[in-house]
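J.: Have a look at this one before I ask anything.
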Amino acid sequence: MLRWLPGRGTRRVSRDIWRNGDVLSAAVLVALGVYIATEAGNWVYYSDDGPGPAFFPVWYGIAMVVLSLVLLVTTVVRLRQGGEQAAAEAPDWEGIRRALITWAAFAVCALLMKWLGFMIAFAMLAFFIITYVFRQPPVMAGVAAVATALGFYLVFPLALSVALPTGVFGF
């Protein structure tokens, strides 16, 4: 769908829109949300015992689609109102780099969790995020990392009797 905007000459709105990172990510997330919700439709949604395995993925997929569409619509409206300025915004490469490194830290944490156990792997992840992303002093990050790991231990294994990965150290 190509539309011409007054005052913009021969530039096409669709070309500007599809070059925007928010629009692209929203479109991908809409597709992912639809995929999640439709795949979960093959599972049991609700049974006599309560919510089934499809309950959470269906609602997660629906929420993903709705929120991605909100992002898509607000970005398109902003692009149409801002014209050249909104389309010409330079990407925040430092923010992108920090986000990718944080994502990689999550992936490493997931890999280490089976070997080190949840408590140690999560404490390491929390320490990294607090020092790297939030740029807090290492002492404060260490205290917060240990406190959050212990909080997870109190809630899941003790209060809810849900086992967390223990790893080679038994934590």
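A short reminder: the numbers here are calculations on the coordinates, not readings from a lab. Here the structure is a predicted model, which means the values were calculated and not measured. For neighbour counting, all protein chains shown are included, and Cβ atoms are generated from backbone atoms with ideal geometry for every residue, glycine included.
J.: Which value in deg cm²/dmol, rounded to the nearest 500, describes the helix-derived mean residue ellipticity at 222 nm for the chain, given -39,500 (n - 2.57) per DSSP H run of n ≥ 4 and division by the residue count?
T.: Details: 7 runs with 108 residues, N = 171.
Estimated from H runs of four or more residues: -21000 deg cm²/dmol.
J.: Sticking with this structure for a sec: At what distance in nm do the modelled label points of Asp49 and Gln81 sit from each other, each positioned 7 Å from its Cα along Cα→Cβ?
T.: Going by the 7 Å Cα→Cβ label model, 5.0 nm.
J.: Let me ask you something else. Quick one: if you take sqrt(5λ) for each eigenvalue of the C-alpha gyration tensor of the chain, what semi-axes come out, biggest first, whole angstrom?
T.: Numbers: eigenvalues 324, 134, 28 Å².
Here the semi-axes work out to 40, 26, 12 Å.
J.: Can you give me the relative contact order of the chain as a percent, contacts being Cα pairs under 8 Å and 6 or more apart?
T.: On the way: 169 pairs, mean separation 27.6, N = 171.
Reported relative contact order: 16 percent.
J.: Using a cut-off of 15 Å between beta-carbons, work out the net charge of the residues near Phe55 (Lys and Arg +1, Asp and Glu -1, Phe55 not included).
T.: -3
J.: What full-extension length gain, to one decimal in nm, is calculated for Phe156 and Lys114 as 0.36 nm per residue of separation minus the Cα-Cα distance?
T.: Contour length minus the Cα-Cα distance gives 13.4 nm.
J.: At R0 = 35 Å, how high is the FRET efficiency between Asn42 and Phe106 if r is their beta carbon distance? Nearest 0.05 is fine. Intermediate values should be presented prior to the final figure.
T.: Working: r = 28 Å, r/R0 = 0.80.
After rounding, the FRET efficiency stands at 0.80.
J.: Can I ask one more? Answer rounded, prolate or oblate for segment 93-160, using the Cα gyration tensor with square roots of eigenvalues a ≥ b ≥ c: rounded when a/c is under 1.5, else prolate when a/b is larger than b/c, else oblate.
T.: In terms of gyration-tensor shape, oblate.
J.: Full-extension gain between Gln136 and Asp92, please, as 0.36 nm times their residue separation minus the C-alpha to C-alpha distance.
T.: That works out to 13.7 nm of additional length.
J.: Something else: Any idea how far apart Tyr35 and Val168 come out in nm if each label point goes 7 Å out from Cα toward Cβ?
T.: 3.5 nm
J.: For segment 25-123, rounded, prolate or oblate, judged on the Cα gyration tensor with a ≥ b ≥ c (square roots of eigenvalues), a/c < 1.5 rounded, else prolate if a/b > b/c?
T.: oblate
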